[in-house]
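In what follows, a structure is listed as structure tokens, so that the remarks can point back to it.
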Amino acid sequence: MSWKSVVRFVVGVVIIAAVYFLFIRKQGGGPVHEERHESPRESRRPETRGGETAGAAGQVICDTQYFAHWTEPGMGACKVRMRNGYPVPDAKCTPGGVNPSVTTNVMRDPEWRTKTVRNCASSEAQKHVAYRWYDIEKPQVNSNQNQVCELDHLVPLELGGADGLGNIWPQCGPDAVALNQRYFKQKDHVENYLADEVKAGRMSLTEAQKGIAKDWTQYLNDADLWCGRTGKC
């Protein structure tokens, strides 16, 4: 064999070895990882803290369904109205809505906590736009005994209310009464009463949700009786 043949042979071996190590081993020597792309969804599972929750509460996702078609209103386009001596929101601006994944079984689950869906669809900062919709000045000091306004979920989270902005309105006043007598605290009593009725099976969840969205003040007398009977207000 001539020296030229030897050189060609060696070069060929080197090329074959390079191809083997650079391509065949690289592709076959380890697992192949494919990229996954998930399409965005309007409904999503909220972030959990401290591990996954089992049972009915573990099936809750962040979802919003309004009772009427809703578009974001303009600044100053909404007006609070009074009914039975208490404020109610403008139905065009705040029709109310629900999270369908919060069922009666979820409400009865001892693991259920509203914090799992609070601010899941709109942040606390985003909710403040409701003050401008209703042409209400945002209080500079608004906490503890000095709280005069609440950015209220018309259908409360504890009743499966939605966290979307179409379920949010500013509920303010009156100033010259004790904190527990302010409008948003009175509505809290109604919310707790209705939640108890639903969990006890005395009222359907749908009836409670639609009723409080239509006129929360219609339940004030029943809520007062419930408060006196249970001492939970």
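The values are calculated or read from the model by the stated rules, or taken from the named source; none is laboratory data. All figures in this text were calculated on a predicted structure; none of them were measured in a lab. Cβ: placed from backbone, ideal geometry, glycine included. Neighbour counts: every protein chain shown.
See the values below:
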quantity	calculated
Hits in the range 89-117 - residues which are within 17 Å of the chain's Cα centre (by Cα) and within 16 Å of W216 (Cα to Cα)	T94, P95, G96, G97, V98
Segments classed as helices (runs of 4 or more DSSP H), wholly inside the range 173-233, with at least 2 members that are surrounded by 12 or more Cβ atoms within 10 Å (Cβ to Cβ), touching a Phe, Trp or Tyr at 6+ places or on another chain (Cβ under 6 Å) and at pLDDT 95 or above	183-199, 220-230
Residues being of a type in the set (A, V, I, L, M), in contact with a helix residue (DSSP H, G or I) (Cβ under 7 Å, 6 or more places away or on another chain) and over 23 Å from G211 (Cα atoms) - total across the range 130-181	1
Candidate set from the range 53-77 (those that are of a type in the set (S, T, N, Q), assigned to a loop (DSSP other than H, G, I, E, B) and within 19 Å of C93 (Cα to Cα)); member that is farthest from the chain's Cα centre (by Cα)	T71
Residues of the range 114-138 satisfying the condition of being assigned to a loop (DSSP other than H, G, I, E, B) and closer than 20 Å to R81 by Cα	H128, Y134, D135, I136, E137, K138
